[in-house]
Amino acid sequence: MSPLLKIVVGLISFVLGLGYLYRPDLIERMNGLLRDYLLNDAYIALERKKWGMFFLLIAFLFSYMGWTGLRR
């Protein structure tokens, strides 16, 4: 995986993490589109903080991996 792609994945994960933590209404709208395929309303409402922290950790991981890959 290229360093720039890792940074992009990190940024997307960061935005999703912040969305889960601070703007759950936007996540619920996105959930409306994906409800039948991947997500469940009750699961999102109950697990929003866990998902938010998960995406923030993934964001930092991919951003760090991308940043160290660019510095070589």
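The values are calculated or read from the model by the stated rules, or taken from the named source; none is laboratory data. Bear in mind that the values here come from a model prediction, so they are computed numbers and not experimental data. Neighbour counts are summed over all protein chains in view; Cβ atoms, including those assigned to glycine, are modelled from backbone coordinates with ideal geometry. Note: accessible area is taken over every heavy atom of the protein model, side chains too, but ligands, DNA and RNA are not part of it. Shrake-Rupley method; radii C 1.70, N 1.55, O 1.52, S 1.80 Å.
Suppose the filter is of a type in the set (Ser, Thr, Tyr), at pLDDT 80 or above and either part of a helix (DSSP H, G or I) or surrounded by 15 or more Cβ atoms within 10 Å (Cβ to Cβ) (or both); does Tyr64 pass it?
In short, yes.
Can you pull out the residues in region 36-52 that are modelled with pLDDT of 80 or more and open to solvent by less than 100 Å² (accessible area, probe 1.4 Å)?
Across region 36-52, the qualifying residues are Arg48, Trp51, Gly52.
Among the residues of region 1-22, write down those that are hydroxyl-bearing (Ser, Thr, Tyr) and surrounded by 14 or more Cβ atoms within 10 Å (Cβ to Cβ).
The answer is Ser13, Tyr20.
Might you let me know whether region 23-35 holds any residue that is at pLDDT 80 or above, within 29 Å of Leu4 (Cβ to Cβ), open to solvent by 40 Å² or more (accessible area, probe 1.4 Å) and within 11 Å of the chain's Cα centre (by Cα)?
no
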